[in-house]
1. Which helices, counted as full DSSP H runs in the chain, have an axial Cα extent of no less than 27 Å and a Kyte-Doolittle average of -1.0 or above?
2. Can you give me the % of accessible surface on the chain that is carbon or sulfur? Probe 1.4 Å, all protein chains present, nothing else counted.
3. Using heavy-atom solvent-accessible surface (probe 1.4 Å) with all chains present, what is the largest-first order of Leu57, Leu42?
4. Within 10 Å of each candidate Cβ there may be at most 11 other Cβ atoms; applying that plus a DSSP loop requirement, which GluC sites (Glu not before Pro) in region 24-71 survive?
5. Which order, highest average first, do 91-97, 3-9 follow once you tally other Cβ atoms within 10 Å for each residue and take the mean per peptide?
6. Which entries of Lys85/Lys175; Lys39/Lys85; Lys137/Lys220; Lys8/Lys162; Lys85/Lys257; Lys137/Lys264 have Cα-Cα distances beyond 30 Å here?
7. Give me the log10 of I(q) over I(0) for region 170-266 at q = 0.20, 0.23, 0.25 Å⁻¹, as the Debye formula computes it from C-alpha points; what are the numbers?
8. Can you give the Kirkwood hydrodynamic radius of the chain from its Cα pairs, in Å with one decimal?
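The values are calculated or read from the model by the stated rules, or taken from the named source; none is laboratory data. Note that the structure is predicted; figures quoted are calculated from it, not measured. Here the Cβ positions follow ideal geometry from the backbone for every residue, glycine too, while neighbour counts run over all protein chains shown. These accessible areas exclude ligands, DNA and RNA; they are computed on the full protein's heavy atoms, side chains included. Shrake-Rupley method; radii C 1.70, N 1.55, O 1.52, S 1.80 Å.
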Amino acid sequence: MDDFSYQKPSTLGDAVEAFSAADDGVYLAGGQTILPVMKLGLAAPEEVIDLNGIEELQAITASDSVISIGAMATHATVAASEDVKQPLPALASLAGIIGDPQVRNRGTIGGSIANNDPAADYPAALLALGATITTDKRQIAADDFFLEIFETALEDGEIITKVDFPVPDAAAYMKFANPASRFALVGVFVARTGNSVRVAVTGAGPCVFRVGDMEAALEKDFSAAALDGITVPTDDLNADIHASAEYRGHLIGVLAKRAVEVAKENGDGQ
Ligand SMILES: Cc1cc2nc3c(=O)[nH]c(=O)nc-3n(C[C@H](O)[C@H](O)[C@H](O)COP(=O)(O)OP(=O)(O)OC[C@H]3O[C@@H](n4cnc5c(N)ncnc54)[C@H](O)[C@@H]3O)c2cc1C
């Protein structure tokens, strides 16, 4: 790893200022991605700006209709939070199956979505739930945030401060995990709010995406059977040593059905 300077500001303003002043700065959350990337020499920032000293990025709050999760909340904190578990168990359980205990205790929601790994779990939740990402500059709808593999709508130096999740009537997340890394080979998040249904898929393609045909069928009939015969074209799906595009396509259908069943079991009031 190349030499770098390190600083740990205690306010958002100081962090933004430090980034602007640096020739080549990078923010550090839990370091679960950025540190291995630096160790491998794939990034060599001159200035590492640690966000762990900024208290306002840690908070989790909940009202009847919205859960707000600070960007620096770790996956373990989200999984254990009563403010998340009670109104939106699907989100708490998603956080609880990310990686392993070490990753969950260091990795953060802000770092995960800023990184936008195509196999990360949170992007599916944000897209299916219609979340809003707040930064130091603006608010961005999840629909506009995830652009392509490892690309988001964030501008250089922009800091995610929190993510707001509207509480749905029913929701569930099903993931077929890579047994080595626990990243999603395919993950499907289904959320129903009133008559509106959103289905978001991670792991299967270069970037998280919604499945309009499934959403339309589930809006007419929120049951697993409603998804019979609906397939996702495999042309743009990932194919690698872990699974073919066809296998991933098949998993989307299987996991979407399971997610609907679990969402129905969990019932209204989620
Ligand atoms: C072994 C292993 C297994 C994993 N398994 C899974 C899995 O099953 N599912 C899954 O979803 N993920 C998984 N991950 C990813 C992990 O959950 C982290 O969320 C992810 O690596 C980001 O890490 P971090 O939060 O520590 O961010 P960092 O590594 O500190 O930062 C990542 C990037 O985001 C930027 N950044 C961080 N915070 C902010 C912010 N607030 N605003 C703007 N930019 C910011 C940084 O500058 C950097 O570019 C795994 C990681 C490892 C190492």
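1. TM-like helix candidates: 245-266.
2. Accessible surface attributable to carbon and sulfur in the chain totals 49 percent.
3. Per-residue accessible area, sorted high to low, gives Leu42, Leu57.
4. Nothing satisfies the criteria.
5. 91-97, 3-9
6. Result: Lys39/Lys85; Lys137/Lys220; Lys137/Lys264 exceed 30 Å.
7. Scattering profile of region 170-266, log10 relative to I(0): -0.90, -1.15, -1.32.
8. Value: 18.9 Å, from the Cα pair sum.
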